[in-house]
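The values are calculated or read from the model by the stated rules, or taken from the named source; none is laboratory data. As the structure is a computational prediction, the values presented were derived from the model and not from experiment. Here the Cβ positions follow ideal geometry from the backbone for every residue, glycine too, while neighbour counts run over all protein chains shown.
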Amino acid sequence: MGTSGRLGDGTVGIWHDTPVNVSGLTDAVEVSAGDSHTCARRVSGQVVCWGSNLFGKLGDGTSASRAVPVNVVGLADAVEISAGVAHSCARRASGQVVCWGYNGDGALGDGMIATSKTPVDVMGLGDATQISVGWGQSCARRASGQLVCWGANNRGQLGDGTMTARSAPTNVSPN
């Protein structure tokens, strides 16, 4: 069901038993579905998102849910995206990673715990080659091959040998 517009076809609360086209999106080269929102990267590098906008996870500077794609503010050079439950991240062509949405456990990696409705830079991470976003944490592979993660860590999901949440990237420790 397209609650909160999560199907991106302009409808809200309507069941579809067949696939629907996302409104106005004909040039997507990557898509990532979160819990109740979806983001797509266009061939130009622009990122658009639609669906529930709780905590600003659509990145358009508002909290209003959207039934059609909206541009993520200031993000026109993405080469990779990853959507999670309440936040999303993108890797820029430069290797810099930006994230937006819920930040209660530091999942945005900006050293803060304040939610952001627009992308914020992940601290000290300008050489990422891959990203992945989970429930309340984010991870990246650096150009050196080192893995770093940040955010929720109540079950040791950051791989740093602790159960302490991190609001900035921390190295994953090998066993």
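List of remarks:
- Residue count for the stretch 94-104, restricted to those that are at pLDDT 95 or above and in a loop (DSSP other than H, G, I, E, B): 5
- Residue in the stretch 24-45 that is within 13 Å of the chain's Cα centre (by Cα), among the acidic types (Asp, Glu) and at pLDDT below 95 present: yes
- As a summary of the residue check, Gly5 satisfies the conditions (1) farther than 24 Å from Ala107 by Cα; (2) at pLDDT 95 or above; (3) surrounded by 19 or more Cβ atoms within 10 Å (Cβ to Cβ) except for the one numbered (2).
- In the stretch 91-104, the qualifying residues are those that are over 20 Å from Ala152 (Cβ atoms) and either within 10 Å of the chain's Cα centre (by Cα) or not charged (D, E, K, R) (or both), and the one that is surrounded by the most Cβ atoms within 10 Å (Cβ to Cβ) is Arg91.
- Check on Ala107, among the small types (Gly, Ala, Ser), crowded, with 24+ Cβ neighbours inside 10 Å, over 18 Å from Ser167 (Cβ atoms) and at pLDDT 95 or above: no
- Here the stretch 63-90 is the region considered, the condition is being surrounded by fewer than 16 Cβ atoms within 10 Å (Cβ to Cβ) and out of contact with any Ser or Thr (no Cβ under 8 Å at 6 or more places or on another chain), and the residue that is nearest to Ala152 (Cα to Cα) is Ser63.
- Criterion: under 11 Å from the mean Cα position of the chain (by Cα), modelled with pLDDT of 95 or more, of a type in the set (S, T, N, Q) and under 22 Å from Ser167 (Cα atoms) - qualifying residue of Ser116, Ser88: Ser88
- Cβ-Cβ under 8 Å pairs, at least 6 apart or on other chains, the stretch 161-175 side at positive phi, far side at pLDDT below 95 and loosely packed, with under 12 Cβ neighbours inside 10 Å: Gly161/Ser173
- Residue check for Cys139: surrounded by 19 or more Cβ atoms within 10 Å (Cβ to Cβ) and within 20 Å of Ala40 (Cβ to Cβ): no
- Hits in the stretch 45-62 (condition: β-branched (Val, Ile, Thr) and either under 19 Å from Asp27 (Cβ atoms) or crowded, with 24+ Cβ neighbours inside 10 Å (or both)): Val47, Val48
- When each of Gly104, Gly95, Gly84 is tested for being closer than 16 Å to Ser63 by Cβ and free of Cβ contacts under 8 Å to residues at least 60 places away in the same chain, the lone residue that passes is Gly104.
- So Trp150, is it over 21 Å from Asp60 (Cα atoms) and buried (at least 20 other Cβ atoms within 10 Å of the Cβ): yes
- Looking across the stretch 105-124, the residues that are part of a loop (DSSP other than H, G, I, E, B), among the hydrophobic types (A, V, I, L, M, F, W, C) and farther than 18 Å from Arg41 by Cβ come down to Ala107, Leu108, Met112, Ile113, Ala114, Met123.
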